[in-house]
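> The structure that follows is given in the form of structure tokens.
The values are calculated or read from the model by the stated rules, or taken from the named source; none is laboratory data. If you're wondering where the values come from, they're calculated on a predicted model, not measured in any experiment. Neighbour counts run over all protein chains shown; Cβ positions are idealised from the backbone, glycine included.
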Amino acid sequence: MDAAHGDDDEDASHIRQAQREVARATPDTAKVCLVVLTMLAVLAALSAAATIVLPLLLALVLNLLLAPAKRLLTRLHLPGTAAALVLITVLFALLVGVGAAISVPASQWVARAPAGVVKLQQELGALRKPIAFLRKAFDQVHHALDQGGQPAEKGVQKVAVQQSSDMGDFGLSVLQGTQAAVGQALMVAVLLFFLLAGGGSLLRRLVEIVPGFGDKRRVVEVAIEIENNISAYLFTITAMNLLVGVANGLQMWAQGLPDALLWGTAAFLLNYIPILGPLTGVMLFFFVGLFSTDGIWWALLPPAIYLAIHVAEGEVITPMLLARRFTLNPVLVIVSLFFFHWLWGVTGALLSVPLLSILKIVCDAVPALTPLGHMLGGPPESRGGEVAAE
């Protein structure tokens, strides 16, 4: 009861502070228009500079995630540069190892996807006609794209030449995509190294130019509070997503289904995307069960266990660990998901909730941004209905 009363007092204090900040703000049409134009210009710049902005954001998020580990290594009398090198080496070695382990099974499952449509038709007889209609439509679109709008008069020979050209184009696109991914990874590694090794110097330079001892102390306190809260949030979310991935990998292994590491990794990554990620996971695990088991009822077991694990993690464990200060408004969560996916694709969708959570933590720590932080928070009507950022 005392803890609940303390939470209510803290919420009331935040609301009063937000109301005071709103009362001090005087609307100005010219300023509002200027702000809107500035936001549009920023969006255009972020979209155009995605190749630079995305590695920087990934490096910043990873820096905050690895900050506790770096502090632990420095307490063990390891120099900051050496600690940064150790953390980056371990992180990228882990990523490369997991990527190499799942790349071959993933490509095999992608190659099996067309055959899976046929089995899906056989298992789901009631939906056979709609699936056949969709498959025919996809074939027609693919045929039209292959032919480029020209009638096929050469028969089999022309099709064979076209397939060879398509395979060459596909191989070239894969090679270009691999080169781009390697370049982005190197950029993230370099930025992350300098952030881990010398990120503290930026704060010291900022404190030096702030006038007054009280202001300097406030800047340091706010910076430490923001870093600690964001690091705690990112570490908690990553740890819980890792446990979700391990649990789903184990359940696939226990059922004798192939490539448990691949599906555990997929569950780990999908758990960073709210709402759409778990829905995608349920469908993915259903199709894996359908292709790997006999009968529709056995195919429902993997997605059912996946859903139970997600509900236990997302609705019980993670909200309990993060507490109310890390809750986010579910409407803004889904809006940010669609927005960042539109802006930066799949990488933006993965970063949407961490970026929104970082924004809320910064707003809660800066008095002038308290109203925005209050809007980003979860609904105050019911404790059980709040959605933790996940």
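> Somewhere in region 298-319, is a residue crowded, with 17+ Cβ neighbours inside 10 Å, farther than 21 Å from L66 by Cα and in contact with a Ser or Thr (Cβ under 8 Å, 6 or more places away or on another chain)?
Yes, region 298-319 has at least one match.
> Out of V117, V110, I need the residue that is within 24 Å of the chain's Cα centre (by Cα), at pLDDT below 80 and not assigned by TED's automatic domain parsing to the domain that holds A266. Which one? Explain how you work it out, then say what you get.
On the way: V117 fails: within 24 Å of the chain's Cα centre (by Cα).
Only one candidate qualifies: V110.
> Shifting gears a bit: Would you check if there is a residue in region 325-333 being more than 30 Å from V219 (Cα to Cα), out of contact with any Ser or Thr (no Cβ under 8 Å at 6 or more places or on another chain) and not basic (K, R)?
Within region 325-333, the subset more than 30 Å from V219 (Cα to Cα) is 330-331.
Now drop any that are not out of contact with any Ser or Thr (no Cβ under 8 Å at 6 or more places or on another chain), which leaves 330-331.
Filter once more, so that each one left must be not basic (K, R): 330-331.
Taking every residue of region 325-333 in turn, at least one turns out to be more than 30 Å from V219 (Cα to Cα), out of contact with any Ser or Thr (no Cβ under 8 Å at 6 or more places or on another chain) and not basic (K, R).
> Oh, and also: Within region 196-219, is there a residue that is part of a helix (DSSP H, G or I), among the hydroxyl-bearing types (S, T, Y) and over 30 Å from A267 (Cα atoms)? If you could, list the steps in order and put the result at the bottom.
Residues of region 196-219 part of a helix (DSSP H, G or I): 196-209, 213-219.
Cutting the leftovers down to among the hydroxyl-bearing types (S, T, Y) gives us 201.
After this cut, where a residue has to be over 30 Å from A267 (Cα atoms) as well, the list is 201.
Within region 196-219, one or more residues are part of a helix (DSSP H, G or I), among the hydroxyl-bearing types (S, T, Y) and over 30 Å from A267 (Cα atoms).
> While we're on this one: Would you point out the residue of region 252-269, among those that are assigned to a helix (DSSP H, G or I) and touching a Pro at 6+ places or on another chain (Cβ under 7 Å), that is surrounded by the fewest Cβ atoms within 10 Å (Cβ to Cβ)? If you could, list the steps in order and put the result at the bottom.
Just the residues of region 252-269 that are assigned to a helix (DSSP H, G or I), to begin with: 252-254, 260-269.
Add one more test, that the residue is touching a Pro at 6+ places or on another chain (Cβ under 7 Å), and what stays is 252, 262.
Numbers: M252: 25, L262: 21.
Filtering region 252-269 for residues that are assigned to a helix (DSSP H, G or I) and touching a Pro at 6+ places or on another chain (Cβ under 7 Å), the one surrounded by the fewest Cβ atoms within 10 Å (Cβ to Cβ) comes out as L262.
> If you don't mind, there's one more thing I want to ask. Given the criterion more than 16 Å from E10 (Cα to Cα) and in the same structural domain as N271 (by TED's automatic domain parsing), identify the matching residue among G373, G348, G377. Talk me through it step by step, then tell me what you get.
Numbers: G373 fails: more than 16 Å from E10 (Cα to Cα); G377 fails: more than 16 Å from E10 (Cα to Cα).
Among G373, G348, G377, only G348 is more than 16 Å from E10 (Cα to Cα) and in the same structural domain as N271 (by TED's automatic domain parsing).
> If I go through region 292-301 residue by residue, how many of them are within 28 Å of the chain's Cα centre (by Cα) and not in a loop (DSSP other than H, G, I, E, B)?
2
> Right, here's the next one. Is one or more of the residues making up region 75-85 modelled with pLDDT of 85 or more, within 18 Å of A223 (Cα to Cα), in a helix (DSSP H, G or I) and outside the structural domain of L350 (by TED's automatic domain parsing)?
No, there is no match, as no residue in region 75-85 is modelled with pLDDT of 85 or more, within 18 Å of A223 (Cα to Cα), in a helix (DSSP H, G or I) and outside the structural domain of L350 (by TED's automatic domain parsing).
> Please verify whether L62 is under 24 Å from the mean Cα position of the chain (by Cα), modelled with pLDDT of 85 or more and either exposed (fewer than 13 other Cβ atoms within 10 Å of the Cβ) or part of a helix (DSSP H, G or I) (or both), treating the condition exactly as stated. Steps first, answer last, please.
Details: under 24 Å from the mean Cα position of the chain (by Cα): yes; modelled with pLDDT of 85 or more: yes; either exposed (fewer than 13 other Cβ atoms within 10 Å of the Cβ) or part of a helix (DSSP H, G or I) (or both): yes.
For L62, the condition - under 24 Å from the mean Cα position of the chain (by Cα), modelled with pLDDT of 85 or more and either exposed (fewer than 13 other Cβ atoms within 10 Å of the Cβ) or part of a helix (DSSP H, G or I) (or both) - is met.
> Still on this structure, please answer the following. Go through (1) within 23 Å of L376 (Cα to Cα); (2) without any contact (Cβ under 8 Å) to a residue 60 or more places away in the chain and name the single condition L257 misses.
(1)
> List every residue pair whose Cβ atoms lie under 9 Å apart, where the two residues are 6 or more positions apart in sequence or sit on different chains, the first residue falls within region 3-25 and is outside the structural domain of L372 (by TED's automatic domain parsing) and more than 14 Å from L372 (Cα to Cα), and the second residue, located anywhere, is surrounded by 10 or more Cβ atoms within 10 Å (Cβ to Cβ) and modelled with pLDDT of 65 or more.
D11/G377
> Another question about this same structure. Looking at V311, V282, V244, which is the one that is modelled with pLDDT of 80 or more, assigned to a helix (DSSP H, G or I), within 27 Å of L57 (Cβ to Cβ) and in the same structural domain as V333 (by TED's automatic domain parsing)?
Details: V311 fails: within 27 Å of L57 (Cβ to Cβ); V282 fails: within 27 Å of L57 (Cβ to Cβ).
It is V244.
> Among the residues of region 344-364, which ones are in contact (Cβ under 8 Å) with a residue 24 or more places away in the chain and surrounded by fewer than 18 Cβ atoms within 10 Å (Cβ to Cβ)?
Within region 344-364, T347, L355, V362 qualify.
> Quick test of your reading of the structure: T238 fulfils all but one of (1) surrounded by 20 or more Cβ atoms within 10 Å (Cβ to Cβ); (2) in contact with a Leu (Cβ under 8 Å, 6 or more places away or on another chain); (3) in contact (Cβ under 8 Å) with a residue 60 or more places away in the chain. Name the failing condition by number.
(1)
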